[in-house]
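Presented below is the structure to which this report refers.
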Amino acid sequence: MDKKATTRIVAIRFQPIGKLYHFDASQVHDLQINDYVIVATRRGRELGQVISLDSDPSPPIEGGLKPIERRAQPQELVTRRMWKGRELEVLIACREKATELGLLGVKIAKAEFSYDGSRLTFLYNTEGDEKVALKELLKHMRRANRQSRVEMRQVGPRDVAKIIGGMGACGMEERCCSKFLMEFSPISIRMAKAQGISLNPQEITGLCGRLRCCLLYEYEQYVAARKHLPKRNKRVLTPSGEGKVVEVLPLKQAVIVLLEDDRKVEFSKDEIQPYDEHRALEEKTKKRPCQNKNGGFNCGKK
């Protein structure tokens with residue numbers, strides 16, 4: 001039997017609104033969405049939740065997929081809840097120790113216990129690009145949490161904003177990153193320009209200090225719409241005469257044209273013609289020899 005045909009791939013995540021990871025579920029039967037399972041990862045054994053069944057990762061994962069070991073036992077779910085209840089306590093202790101050690105440029109965003117308490121990870125971010133020595137802080141945390149293997153992991157400002165949550169800069173009650181974004185996509189200033197958004201930093205910067213994730217949402221639609229419209233400052237011919245494009249309205253498939261009498265008028269894509277194209281057509285028509293309806297030439301004949 002074809003091995004590929006018998007492989008059942010499922011998507012699992014380890015944190016709410018977290019990134020999806022794919023595993024081979026062929027050895028665990030009757031898995032359902034929302035079931036909890038135990039899997040082996042490069043960081044050790046993890047407890048994850050099944051989010052989708054028969055999920056096919058794209059692009060394919062090199063080296064194949066790791067198998068799901070088994071379903072999580074009820075006792076393991078209780079243990080996980082107990083360790084999770086301790087996370088705030090150790091987070092506060094870590095922040096207090098960081099302040100005591102004078103690590104003012106370090107922001108401890110979250111403390112994460114593994115499901116069985118064998119590992120404790122502190123997620124942190126630093127101001128600026130300078131590397132901060134956390135050896136002393138790590139030593140204190142290991143001493144205070146001897147039952148766990150303690151590690152410090154640096155994350156980006158967007159990850160910190162996702163962890164902290166709160167109201168979005170646009171006024172939404174919850175930030176997109178905390179509500180539904182599972183991964184962060186690259187965002188560039190070009191995306192704001194394509195949508196005609198003001199480049200004022202307050203308009204395009206999120207509370208994380210980076211360009212807003214929402215700049216990506218409609219970017220492709222704007223790019224596709226602009227392909228069929230002239231750019232700003234291009235000369236065009238309109239039903240009201242010649243003019244210059246002063247504003248492009250991609251989603252309306254229209255432009256605003258400054259006419260020669262200083263009026264600004266909106267025209268749809270079908271009502272305008274590029275001026276350069278019109279001139280080229282005129283020149284071509286002038287050079288073309290006269291041709292009658294039978295295919296012969298009669299230039300100069302009466």
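What follows draws every value from the coordinates through simple rules; no lab data is involved. This is a predicted model, so every value here is computed, not measured. Cβ placement follows ideal geometry from the backbone for every residue including glycine, while neighbour counts extend to all protein chains displayed.
Computed values, structure above
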item: Protection proxy ranking of 16-22, 129-135 - average other beta-carbon atoms within 10 Å, highest first; result: 16-22, 129-135
item: Proximal aspartates and glutamates relative to K162, as straight alpha-carbon distance under 14 Å, when same-chain residues fewer than 8 apart are discounted; result: E173, E174, E183
item: Total formal charge among the other residues, if their Cβ is under 13 angstrom from that of N233, Lys/Arg +1 and Asp/Glu -1; result: +3
item: Of all DSSP beta bridges in the stretch 90-196, antiparallel share, percent nearest 5; result: 55
item: Mean Cβ neighbour count within 10 Å, used as a protection proxy, ranking 233-242, 180-189 highest first; result: 233-242, 180-189
item: Mean Cβ count within 10 Å, highest first, over the residues of peptides 87-93, 118-124; result: 118-124, 87-93
item: The stretch 72-147: mean projected area of Cα convex hull, nm²; result: 5.4
item: Relative contact order %, the chain, counting alpha carbon pairs below 8 Å whose residues are six or more apart; result: 9
item: Local electrostatic count, A40, Cβ distance below 12 Å [Lys/Arg +1, Asp/Glu -1]; result: +2
item: Within-12-Å neighbourhood charge of R71 [Cβ basis; K, R +1; D, E -1]; result: -3
item: Computed helical MRE - 222 nm, the chain, DSSP H runs ≥ 4 contributing -39500 (n - 2.57), nearest 500; result: -7500 deg cm²/dmol
item: Largest to smallest principal axis extent of the C-alpha atoms in the chain, angstrom; result: 106, 62, 32
item: Cα centroid separation - the stretch 167-206 against the stretch 107-129, whole Å; result: 26
